[in-house]
Each structure stands twice: as structure tokens, then as C-alpha cells.
1. Gap in Å between the Cα centre of the range 413-469 and the Cα centre of the range 676-727?
2. If I stretch the segment between Lys153 and Lys307 completely, what's the gain in nm (0.36 nm per residue apart, minus their alpha carbon distance), one decimal?
3. Based solely on C-alpha atoms, express the radius of gyration and the Dmax of the range 489-548 in angstrom.
4. Take the Cα pairs of the range 432-544, get the Kirkwood Rh, then feed it into Stokes-Einstein at 4 °C and 1.567 mPa s and tell me D in µm²/s.
5. Gap in Å between the Cα centre of the range 481-537 and the Cα centre of the range 214-238?
6. Mind giving me the FRET efficiency for Lys209 and Glu665? R0 is 41 Å, r the Cβ-Cβ distance, nearest 0.05 is fine.
7. With r as the distance between the Cβ atoms of Ala250 and Lys690 and R0 = 51 Å, compute the FRET efficiency 1/(1 + (r/R0)^6) and round to 0.05.
8. Figure the gain on full extension for Ser261 and Asp447 (residue separation times 0.36 nm, minus the Cα-Cα span) and round it to one decimal in nm.
Amino acid sequence: MENIVKNEARRDFLKVSGAVAGGLALGFYLPTGPRVARADAGGGYASPNAWIRIGLDNSITIMVARSEMGQDVYTSMPILVAEELEVDINKIKVEFAPPAEVYINALLGGQITGGSTSVRDAWEKLRKAGASARMMLVAAAADMWGVDASQCKAANGAVTGPGGKRANYGQLAAKAAQMEVPKDVPLKPSSQFKYVGNTKIKRLDTEAKVKGTAQFGIDTRVPGMLYAAVAMPPMIGGKVASYDDSRAKAMPGVRAVVQYSRGVAVVADSYWQAKKAKDLLLIRWDAGPNADLDMVKVWGGLEEASKQPGAVFREAGNVDAGMGTAVKTVKAEYRLPFLSHSPMEPMNTTADVRADKAIIITPTQFQQLIPHVVAGATGLKPEQVEVITTFLGGGFGRRVEVDYAIDAAEISKAVGAPVKMVWSREDDMMHDSYRPAGIYQLTAGLDANGKPVAMRFHSTSPSISARLFPSIVKDGIDPFAVEGIDNYPYETPNLKFTYQMHDTGVTPGYWRAVSHNLNAVALECFVDEMAHAAGKDPLQYRLDMLDMGSTKHQWSGLSAGVPVGARMKRVLEEVRSKSGWGKKLPAGRGMGVAVMEGYNTVIAMVAEVTVTPNYDVIIDKVTAVVDAGTLIHPDQALAQMQSTINFGQSACMWGEITVKNGAVEQNNFDMYRVARINEAPKVLDIHFIKSDSVPGGLGEPGTAVVQPAIGNAIFAACGKRCRVLPFTPENIRAS
């Protein structure tokens, strides 16, 4: 980053010196957005940026400032640049960006990958980056040839001018770097797109992943590297009381046994040697304050807390008066469990901590925070910490946490050598930060036509942000705890929505789609109950209730804040048609519908299930209609939806983390199931609404919508309203 020159007089631009590797590099500041992580991450951050490097050898490199964890930023973000830069997408190089102010995600306020924000944040600024670079290259060519810029045109990585003049971008790069950065940057209309929305573009990382050359964190090798296996306290909040490492130290290949802040690490010549020696450690744990924590206490605490009035996050009319006019009242309580992220690649980091610097190679979703926490753990300064991001073998929010990078840095510092620390699957699942468990209480007053005249919603759950980013918690409300319900889309003249924060003792973390997977799941199941109580068709009932002027409430900052009623109507009508809603089904089969807006994407989904006499559930078909605005990479958009449906199915059918004696009971996939191939929906029928609107997020919302759709289908199939998730045979039978 030494070549960066900020133009402080023009805060909306950052121009980089033309001497960068002999070429041109550009970036752009845009107005700052909400700064969720700013204060907690060390402060001093600006808005995000895109980088383009054009070498004198005509190489074009695009820096991707978001983490690639399967969601396709490695391709979709370069598409935006290449579209306006006029270069062949298949001829560019892609690199992951280092931590820097210019790469901050304006929607999250930090260099974070999450919240289905990557493409939404990049949509305009990366296109502007490409268009501005193209304009400067054209200006350079015009100046070199002594003609007006209007006589020159950029296409296919070259500028052409009058009289057959032609120069490729590499030939123009040095001169272009001296050109004025354009103030006004017109962007292509969608009718001229060559790459955006092109169904023939393949992922740029496929070849590397197929050939095994893609570098994930766990693939890291550096000279002189040792391996670390760790022993961490099984009890949440526990610590090391004492240990005997004599047997471990006697094992072949073991170089050291060190105690670090979280536990004890064995460092050896190979991971296998380190792990085998770690198993021989004799450790006495201090269980800490959660020694007797179990699910009886967890749910008891939530129940007691749910009796508190909570903080009001949305209110209209007079809910008490409205309830008084109702001819029928519907009341229900939903309970959703803790969930683990458990990405396929367990937590790992390679750290090389020296006296004057540290190099951290890690699969992370939060590059910007790592220099600060590593500095705190090692005594170095943040600017002495270099962070290299690898591919991620899944994230789902887990890698927003940086605890594993701290561990590796501490261990490397202790042994004075580069160390690759790898958590086992058991380490990972038992030391996660879990999707919060919660209680969701809903009451609706219906009029004579079955329409709601009043609605109460009261949720009780731990606050993730209170742990990670307390500065964004205001007046008892965690914005991430009320998403998925503060944008309640149904006409109801009197309503009162409240949130009660409660610490269960189990570490909460941001989990895919965060609280949409809590609030929206409970709401859309409850709306089905309202329809049933009103004697209405559930899908038509939703259509009849839609508030066509509904907007995003102030607490949810990750959506556009525009009316969603019309979009919901469209997807509901489309999914009714596509799914064959209302068709006659044999006994034991049923269809359930759900709809949700989240991350500026609107999805309606119909699940069709079979429930056996033993209450086993078979997902026969899921039909989805998705309005996600412009699709940058349609093939990947489809993959995202398929992924979120399978992920959400796993969560609602089997997902549950429990605690006993202060420790998480599940430690591998035999105890924490995900959908197997033969258990995935037999048919996934996914349709996208054609749109030129700004892109919506796709990595998360489908996960939330499929869960109530399945729950409602179970009710339609067997008459059992399961309000305690997951939808296991035991919970269905007991409902």
C-alpha cells in the first residue's frame, strides 16, 4: 500500500500513483455508510473501494476485497469492473485485497464479508472504477495521438483512434496514470451489458478448485513452518487450571507444549504428531461460571426473561385497544434452538510472529480487525501485522470472529516460529459462536373477516452485537436481533413489537441470515396459523393482507428501505402458479408457503412434503420465486438459492446445539446432522423475476424462507403445528 496517494481535497476519490508496478491503479471512495465495526475495530476507517491494476505488460489485475467462501465474489465482482473497463473477463487476474481503509464495505462499516452485502456494496462503485479507468485510458490515448477523446474508443482491452491508431491498455497505463480522474462517470445502461447477466460466464475460480491449486487456509505452507494442535476447555468460559505435558513432550516430532490464553497447544513437525501428542496431555480444567449450565437452565432463563416487557422497536396505533375489538385471538409461542456454523473447513490460521512484524495467513471474513487483535495479543503495532486472505471453505458468519487468528498468533509468538494451527472438527463445533436460541411470542387479534386488527410480537434472545459491537446496541435494541420482523409487511392498524435481551451463557454469533432465521421463521409460521384460524387459504391470505406501502423499518440497515408490498405480491402470485398451489394431494402430503424480504431480496417459497405415520418428513419439492433485482452472474445466483435452501432445510429439520454440564454436547456431524443427498428436496424449482433494479443479496435470505415453508407444509400434511424447532419426529409428535 506504499504507493497510495490520497487526494484529501476530494474525499470522493482516491487516485493512486502511476508508478504502481509500472502501471495504473485506481480506487474510489464513496460516502460513508453505517459504521458497525468502526469503533470496535480500531476506528479511523473510510468507505470501500475497488482496485484495478494495469501493468505495462498489459496484464490487468482486479483486487477482490471480499472473502470468497463459495458465494462467487471472485467472479461476480470482477464482472462489474470488466463490464465498464471493456476488457475480456477471462483475461484478467484476480487477487484478494489486503486490509485497507479503501476496501471497507459501506453497508457494514468495515472490511467484512457478510450480510449478503458484497455485490450490493460493489454494484455502483466497481462499475465506476472500471468506467473511470477506461476514460483515463482513452484520455491518455487522445493526448498521445493529439486528437480529441471523442474520436477514441475503448474496447477489448485497447483504445482505437482515427486513422487506424490502436494501443492496448498496457501501452497506455503509465500515461493514463497522469490523467485527471474524471468527476462524472456515466455508466452503461443495462441494454449494453456484455458480462453482467451473461449466463455463459463461468466462475473464475473453478479451474483452480477442480485442480486443487486453489489455496485455502488449511493448504498454507511457509518455510520453517510447524504445526499446532490445541486443547481448549470443554466448558464454555472455562480455563486451564494445571496440566502435565510430560507424555506429550516425549512423543516423536514434538517441538514444544505451550499454554496460551485459551488453552494448551502442542507444536510439532506435523499436524498428526501434534494431535496425537495433544491427546496425551493431562489437563485439569477450571470450569468457570458455566459449570452447571444445561438446557433446562437455558430455557428457564429465557422463559423468565420473556416475562419482561422488552424494548419497543416498532409500534403503531393502540394494540390494547385493537385487541379489544378483535372477534378472534390467535396466540402462539415458537422456540428456536442454538445452531452451529460448522463450515467444511474448520478454523485454522498460519501465523509467523517475529519481534518486529507478524504475518497472518487466514481464511477470514473480517480482514480489517485482525491487525488490531493480533497487535493486542503480541505487543506489536497494527501496522506491523500483515494479513493474507485465502479462499474460505465456508464461512456462514463464523469467520467474522477472529478468535482463531489470535490463538495462532499467541502460539507462534510463544515458540518463536511460524505455526499453522488447525482446529479439529470437534474443536470447531464445541467452540463455535452459536446462532442464538430464542423464544418468540405472537398474538394477533382478527376481525370478522379474519384480517388482523392488532398484533403483538415479543422476542427474547441473546444479543450478538452486545458481545461483538456494543456501540450499535441502542436503548436495549440490537439491530441484528430485530431484522426479519421490523419490516413486517402486513396491514395491521395496531401493533407493538418488542425485544428482550437475555444472556444465556452460550456464546452467540452471527449465523447465516442472522435473525431472519429466527424472527421471520416464527412470523411466517404464525401467519399460517392466522390464516387457518380465519378459515382462509394461506397464500391468498398473505396476498390479501399485504401492506402495499410497507417500508423497511429504521433498525434494519441492510435493506434498501423501499416499499416491498408490490414485490411480495408478484412473487406470491408467481409461486402460486409455478408450484401448482392448491392441487389435490394424497393423504400425508401437504404444501406450505412463506414469503420474506431480506437483504433487499424478496422470496416466496412453497414446500411440498410427505409426513410418514412416524412423523418422518420427506421434502418432495421446493418451488421458489425470487426477486433479487439485477443478477450479476445468473448461474451463480441459482447456485446460491440452491445452497440456501439446502442449508435452511438442514437447520430446521435437524439443527440443534445443546449444552450439558457447561459444555456443548455435539462435536461432529454424526450428532449435528446436515441434509444428505438423498434427503435434499427431490425437486428444486427456482425462478427469478427479470429485473433491472439494483441487486439484492442472495447468500442468505433463502435459508430463512424455506424453514417456515417446510413447517407450514408439515401442518398441511399431518395437522401438527410444530412450534419447537427442529422439525424432528419427536417434536412433531409432541406438538
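1. Value for the Cα centre distance between the two parts: 19 Å.
2. Gain on stretching Lys153 to Lys307: 48.6 nm.
3. 15.0, 42
4. My calculation gives 87 µm²/s for D.
5. Cα centres, the range 214-238 to the range 481-537: 38 Å.
6. 0.75
7. Taking R0 as 51 Å, the efficiency between Lys690 and Ala250 is 0.15.
8. Stretched fully, the Ser261-Asp447 segment lengthens by 61.0 nm.
The values are calculated or read from the model by the stated rules, or taken from the named source; none is laboratory data. Not measured: the values here are computed from a predicted model. Cβ coordinates were reconstructed from backbone atoms using ideal geometry, including for glycine residues, and neighbour counts include every protein chain displayed. Just the protein is used for accessible areas: all its heavy atoms, side chains included, with ligands, DNA and RNA removed. Shrake-Rupley method; radii C 1.70, N 1.55, O 1.52, S 1.80 Å.
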